[in-house]
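Undergrad: Questions regarding the structure given below will be posed in turn.
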Amino acid sequence: MLVNLNEVLYDAQKNHYGVGLFNTTDTDMLEAVIEAAERKRSPVIIGTAEILLPYGELALIGPSTIEAAKRASVPVVVHYDHGLTFERCMEALKLGFSSVMFDGSVKTYEQNIAETREIVRIAHAFGATVEGEIGHVGSAQNSADQSRYTTVEEAKQYLADTGVDALAIAIGTAHGAYKTAPQLSFERLREIRAAVDVPLVLHGGSGLSDDDFRQSIKDGIAKVNIFTDLCLAGMAGQAEALRQGLEYLPARNLKKDYIRAAVERKIDLFGSAGRA
């Protein structure tokens, strides 16, 4: 069933589990994630990001993703992640996405606030939710730069200024593959969780240790973004298919099975199994 972020994240926040966002750039990944969620009876968030559109155009993958969510027997949010432009966020809402993230974190604060507030106004008219980001979750090369970490004051002011439904914060994670183990500031996370009411989001989850995930969720993260780990699982499936000498369609199914297994492991780790 198609739902928005509010319909899954507030329960996660209340009951101390995490809901995974698994970006799905094609129907192989899409089927894998939905199958995993249904097997585990877990709510799930699927979608794509603006930076991924060269690998799966929004007008093509969007309708497939939305239809899969509607047909699913568990709650599924269809989320447009890291929308960098107003126009693309509007396109996602018109296609039927139930949630969007507007990422204005590299803009001036005034620009970020003005554009985010307008997207919130429009998205709510569609019955959709909006995720915002304050602080900056950059690349793995700058994950230790604490000047980019979200402060309590920034989080409170940003929420007051924008009215977003969920807040992505920077506490030491990064996008992409880590070169060295990240050092997360759980103390900062706990401070922000105590100061704000909306569900908190952890970006750059692929590559964190199981203990990092458990502690993050325990300390207040309700939504965890995963993409790189799915790609690595798919590549491992492709390599195994090549080793076995499989033809194209059996190889495709093996890749999907590897991705599904990776999603199932994350669902178990995040504690969302059986919550649907």
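The values are calculated or read from the model by the stated rules, or taken from the named source; none is laboratory data. Everything numeric here is computed off the predicted structure, so don't read it as measured data. We place every Cβ from the backbone using ideal geometry, glycine too, and count neighbours over all the protein chains shown. Heads up: the accessible areas ignore ligands, DNA and RNA and are worked out on the full protein's heavy atoms, side chains in. Shrake-Rupley method; radii C 1.70, N 1.55, O 1.52, S 1.80 Å.
Undergrad: Which order do the peptides 41-51, 122-132, 187-197 come out in when sorted by mean C-beta neighbours inside 10 angstrom, highest first? Intermediate results must be reported in sequence, preceding the final value.
TA: Numbers: 41-51: 23.2, 122-132: 20.5, 187-197: 16.4.
Order by mean packing, descending: 41-51, 122-132, 187-197.
Undergrad: So what's the angle, to the nearest 10 degrees on a 0 to 90 scale, between helix 86-95 and the longest Cα principal axis of the chain?
TA: Tilt relative to the chain: about 50 degrees.
Undergrad: Counting helices only, and only those DSSP H runs with n ≥ 4, report the 222 nm mean residue ellipticity of the chain as the sum of -39,500 (n - 2.57) divided by its residues, in deg cm²/dmol to the nearest 500. Kindly include the intermediate steps, with their values, before the conclusion.
TA: Details: 10 runs with 135 residues, N = 276.
That calculation yields -15500 deg cm²/dmol at 222 nm.
Undergrad: Extent of the range 1-144 along each principal axis, from alpha carbon coordinates, in Å, largest to smallest?
TA: Cα extents, longest axis first: 43, 36, 35 Å.
Undergrad: Could you tally the net charge around residue 240, taking each other residue with its Cβ under 13 Å from the Cβ of residue 240, Lys/Arg +1 and Asp/Glu -1? Walk me through the numbers on the way to the answer.
TA: On the way: positive: 243, 252, 255, 256; negative: 257.
With Lys, Arg at +1 and Asp, Glu at -1, the neighbours total +3.
Undergrad: Can you list residues whose amide H is under 5 Å from residue 80's amide H, if they're 5+ apart or on another chain and H is modeled 1.01 Å from N?
TA: Counting only residues 5 or more places away or on other chains, the set is 99, 100, 101.
Undergrad: Additional query: What's the carbon and sulfur percent of the chain's accessible surface, probe 1.4 angstrom, rounded to a whole number? Mind dumping the intermediate values first?
TA: Numbers: 6070 of 11810 Å².
Solvent-exposed carbon and sulfur of the chain make up 51 percent of the total.
Undergrad: What FRET efficiency comes out for the pair residue 268/residue 248, r = Cβ-Cβ distance, R0 = 45 Å, nearest 0.05? Mind showing how you got there, number by number?
TA: Numbers: r = 31 Å, r/R0 = 0.69.
About 0.90, to the nearest 0.05.
Undergrad: I'd like to check one number: the per residue accessible area of the range 50-131, probe 1.4 Å, reported in Å² as a whole number.
TA: On the way: 3600 Å² over 82 residues.
With the other protein chains kept in place, the range 50-131 gives 44 Å² per residue.
Undergrad: List, largest first, the extents of the alpha carbons of the range 195-276 along their principal axes, each in whole Å.
TA: 55, 25, 19
Undergrad: So, one more: Within 12 Å, Cβ to Cβ, of residue 134, how many net charges do the neighbouring residues add up to if Lys/Arg are +1 and Asp/Glu are -1?
TA: Details: positive: 107, 148, 156; negative: 103, 131, 133, 153, 154, 161.
That works out to -3.
Undergrad: Any of 70/266; 223/255; 14/256; 14/156; 70/223; 14/40 with alpha carbons more than 31 Å apart? Name them for me. Could you put the intermediate results ahead of the total?
TA: Working: 70/266 22 Å; 223/255 25 Å; 14/256 33 Å; 14/156 20 Å; 70/223 21 Å; 14/40 20 Å.
Long pairs (Cα-Cα over 31 Å): 14/256.
Undergrad: Ok, one more. Based on the alpha-carbon gyration tensor of the range 1-53 and its eigenvalue square roots a ≥ b ≥ c, which shape applies: rounded if a/c is under 1.5, prolate if not and a/b is larger than b/c, or oblate? Before the final figure, lay out the partial values.
TA: Values: a/c = 2.40, a/b = 1.49, b/c = 1.61.
Oblate.
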